[in-house]
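Undergrad: One structure, as structure tokens, below. Some questions next.
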Amino acid sequence: MTKRAARVGRVERRLLRSGICLAAACLAFAASAAHGESLPEALAKAYQTNPALNAERARQRATDENVPQALSGYRPQIVATLSAGFQAVRNLLPDNTIQSANLKPWTIGVTVSQTLFNGFRTANSVRVAELQVQAGREALRNVGQGVLLDAVTVYTNVLANQSLVEAQRANVAFLQETLDITQKRLNAGDVTPTDAAQAEARLSRGRADLNAAEVNLAVSQATYLQVIGNAPNLLRPADTVDRLLPRSRDDATGQAFRGHPAVMAASFDFDVATTSIRVAESSLMPTITLQGSVSRSKDSDPTLGTLGTDQASVTGQLTQPIYDGGMAASQTRQAKEIAAQSRQVLDQVRNQARTAAVGAWVANEGAKIAVTASEAEVRAATVALQGVQREAAGGQRTTVDVLNAQQDLILAKARLIGAQRDRVIASYTLLSAIGRLDVKTLNLKTPDYLPEVHYHQVRDAWHGLRTPSGQ
């Protein structure tokens with residue numbers, strides 16, 4: 001018994017030295033990570049380079065062009081015409097004589113048309129376009145929130161998977177050393193072949209778990225490259241954003257109900273739909289236009305009575321629709337139904353925002369409890385493993401007891417790593433749920449994209465084919 005206890009003691013000392021080496025390696029990794037990429041830096045890169053977000057910005061710039069298109073209804077329309085050709089004329093005169101000529105007629109003219117009144121269609125169309133711009137900005141803000149939250153998720157996933165890989169490698173090293181010592185004890189006759197088989201089975205399971213962790217890490221690194229724009233390199237530990245979160249669940253739901261970008265976008269969409277009713281109704285109202293034209297023509301008289309004609313005219317026109325087959329009436333009814341639909345969608349989005357805020361609040365509070373419980377579990381499992389090792393050294397525990405205690409510890413560490421990851425994601429999810437996950441709130445070191453800059457650049461543009469960026 002004394003000989004066996006001494007050998008088990010040597011096992012404990014070797015495992016302790018292995019743990020010290022692993023801890024030193026982890027400290028060295030943490031020291032090098034201090035100079036790596038932080039979460040705010042990764043968020044800034046994603047905000048600037050993410051393709052999905054840049055595509056949404058381009059869509060918003062295209063939406064801005066609806067406003068100058070609607071404003072064109074206030075502006076005159078100028079059309080220039082030019083025609084030329086060849087015409088053969090053969091006239092039979094009353095005295096039975098024939099008059100023939102080969103003409104080369106041409107006409108040039110300019111017509112200017114100005115709409116004076118069209119049933120307020122232009123004014124309401126401008127209002128619709130402006131509301132579409134407002135809705136698009138909120139949709140852009142919502143996409144930006146999603147991209148930043150995706151960036152937080154991939155960042156913490158890489159961190160968590162890296163920690164899991166390190167934990168599984170330490171577990172494999174522990175199990176390998178346990179198997180080696182158990183084999184020596186088997187050769188010495190201190191243990192049975194069952195002990196060696198149990199240690200070998202646990203080692204095989206540990207290698208499989210390590211392989212799964214490495215696969216998950218490779219997948220998360222590829223996703224990181226997709227979302228952030230570069231491969232992860234020495235990521236620093238991520239912090240929560242508790243300082244920016246609401247103090248109560250009611251406060252969270254209130255902020256989400258009032259300020260979430262999805263709610264704001266749906267509200268503007270409802271305003272677009274109601275204003276579109278007045279646009280449709282304008283088709284039933286009179287239209288007043290003023291038209292001026294000047295023209296000059298040569299060789300255009302087939303009677304050969306004149307050589308050329310110069311004309312100038314100013315014409316006013318009033319048009320009142322009487323019956324168009326029911327088209328305008330149908331469009332008006334259709335617009336009203338779309339407005340009713342938009343109202344229902346707004347209510348639905350508000351309810352979804354409220355539910356999401358409640359869920360995010362509860363998840364964040366639960367994540368705090370999960371981290372505390374997991375930390376306590378790791379501490380207890382560490383103490384339990386140390387106790388089992390001491391008891392095994394005294395001959396009171398078997399090899400399988402040590403293996404079980406080690407398995408409990410590695411599972412507890414995995415749960416703690418997952419809880420810490422979920423804790424960070426939950427805090428950012430709650431910030432997104434109340435509509436405040438943006439560059440300004442997070443104080444990221446990157447210029448904020450301001451969609452109103454492009455809007456003012458194109459709103460009053462009367463001409464020009466190039467975009468403000470030079471395309």
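The values are calculated or read from the model by the stated rules, or taken from the named source; none is laboratory data. In this text, all values refer to a predicted model and were calculated from it rather than measured experimentally. Every residue, glycine among them, receives a Cβ derived from its backbone with ideal geometry; neighbour counts consider all protein chains shown. Calculation scope for accessible area: heavy atoms of the full protein, side chains included, ligands and nucleic acids excluded. Shrake-Rupley method; radii C 1.70, N 1.55, O 1.52, S 1.80 Å.
Undergrad: Could you give the length gained by full extension between LYS298 and ALA222, i.e. 0.36 nm per residue of separation minus their alpha carbon distance, to one decimal place?
TA: The LYS298-ALA222 span can extend by a further 20.1 nm.
Undergrad: Here's something else I'd like to know. With the crude spin-label approximation of a point 7 Å out along Cα→Cβ, what separation in nm comes out for ALA212 versus ARG415?
TA: Roughly 1.6 nm, to one decimal.
Undergrad: Do you know the Lys pair count in the chain for C-alpha distances under 15 Å, with sequence separation 8 or more or different chains?
TA: Taking the chain as the scope, the lysine pair count is 4.
Undergrad: Positive end of the charge dipole of segment 343-461 (Lys, Arg +1 and Asp, Glu -1 on Cβ, about the Cα centre): tell me which of PRO451, ILE410, LEU385 has its Cα farthest that way.
TA: Ranked along the dipole, the leading option is PRO451.
Undergrad: Leaving ligands, DNA and RNA out of it, work out the accessible area of THR81 with a 1.4 Å probe and give it in Å² to the nearest 10.
TA: The value for THR81 is about 80 Å².
Undergrad: To continue, here is another question. Could you tell me the calculated FRET efficiency between ARG459 and ALA84, based on Cβ-Cβ distance and R0 = 51 angstrom, to the nearest 0.05?
TA: 0.80
Undergrad: Please work out how much length the chain gains when fully extended from THR309 to GLN341, using 0.36 nm per residue of separation minus the C-alpha to C-alpha distance, in nm with one decimal.
TA: Taking 0.36 nm per residue and subtracting the Cα distance, the gain is 5.7 nm.
Undergrad: Which order do TRP106, TRP462 take by accessible area at a 1.4 Å probe, largest first?
TA: Working: TRP106 95, TRP462 175 Å².
Result of the area sort, largest leading: TRP462, TRP106.
Undergrad: So how tilted is helix 249-259 from the main axis of the chain? Cα-based, degrees 0 to 90, rounded to 10.
TA: Taking Cα atoms only, the helix is inclined about 20 degrees.
Undergrad: With a point put 7 Å past each Cα toward its Cβ, work out how far GLN176 is from THR49 in nm, to one decimal.
TA: 3.6 nm
Undergrad: Let me ask something additional. Relative contact order of segment 365-449, please, whole-number percent, based on alpha carbon pairs below 8 angstrom and at least 6 residues apart.
TA: Relative contact order comes out at 34 percent.
Undergrad: Right, next: So how tilted is helix 39-49 from the main axis of the chain? Cα-based, degrees 0 to 90, rounded to 10.
TA: 30 degrees
Undergrad: Expressed as a whole percent, how much of the Cα-Cα distance distribution for segment 302-428 exceeds 17 Å? Can you show the working numbers first?
TA: On the way: 6223 of 8001 pairs.
Counting every Cα pair in segment 302-428, those more than 17 Å apart make up 78 percent.
Undergrad: Could you give the nm distance between label points at ALA329 and ARG379, where each point is 7 Å from its Cα heading toward the beta carbon?
TA: Going by the 7 Å Cα→Cβ label model, 7.9 nm.
Undergrad: Follow-up. For segment 24-152, rounded, prolate or oblate, judged on the Cα gyration tensor with a ≥ b ≥ c (square roots of eigenvalues), a/c < 1.5 rounded, else prolate if a/b > b/c?
TA: prolate
Undergrad: Further question: Once amide H atoms are built 1.01 Å from N in the peptide plane, which residues 5 or more positions from LEU103, or in another chain, come under 5 Å H to H?
TA: GLN87, ALA88, VAL89
Undergrad: Which one, THR115, THR467, TYR155, projects farthest toward the positive side of the charge dipole computed for the chain from Cβ point charges (K/R +1, D/E -1)?
TA: Highest projection toward the positive end goes to TYR155.
Undergrad: Return one number: the angle in degrees, 0 to 90 and rounded to the nearest 10, between the long axis of the Cα atoms of helix 261-281 and the longest principal axis of the Cα atoms of the chain.
TA: 20 degrees
Undergrad: Let me know the charge dipole size of the chain about its Cα centre in debye, to the nearest 20, where only the beta-carbon of Lys, Arg (+1) and Asp, Glu (-1) is charged.
TA: Dipole size: approximately 1280 debye.
Undergrad: Tell me the net charge near ALA280. Cut-off is 10 Å between Cβ atoms, ALA280 excluded, with +1 for each Lys or Arg and -1 for each Asp or Glu.
TA: +3
Undergrad: Right, another one. With θ taken as phi - 60° and the coefficients 6.51, -1.76 and 1.60, list the Karplus ³J(HN,Hα) couplings across segment 87-103 in order, rounded to whole Hz; mark glycine and proline as x.
TA: 9, 9, 10, 9, 9, 9, 8, x, 8, 6, 8, 10, 10, 10, 7, 10, 9
Undergrad: Which one, (1) 50, 25, 21; (2) 43, 26, 22; (3) 81, 26, 18, gives semi-axes √(5λ) of the Cα gyration tensor in Å as derived from the coordinates shown?
TA: (3)
Undergrad: Return the carbon/sulfur percentage of the accessible area of the chain, one whole number, probe 1.4 Å, all protein chains in place.
TA: 56 percent
Undergrad: With +1 assigned to the C-beta of every Lys and Arg and -1 to the C-beta of every Asp and Glu, and no other charges, what is the dipole magnitude of segment 200-357 about the Cα centre in debye, to the nearest 20? Kindly include the intermediate steps, with their values, before the conclusion.
TA: Working: 16 positive and 16 negative charges, 132 e Å.
That gives a dipole near 640 debye.
Undergrad: Moving on. Relative to the present Cα-Cα distance, how much length would full extension add between ALA201 and GLN291 at 0.36 nm per residue of separation?
TA: 23.1 nm
Undergrad: May I pose another question? For the chain, what is the accessible area per residue in Å², given a 1.4 Å probe and the full set of protein chains?
TA: Result: 55 Å² per residue.
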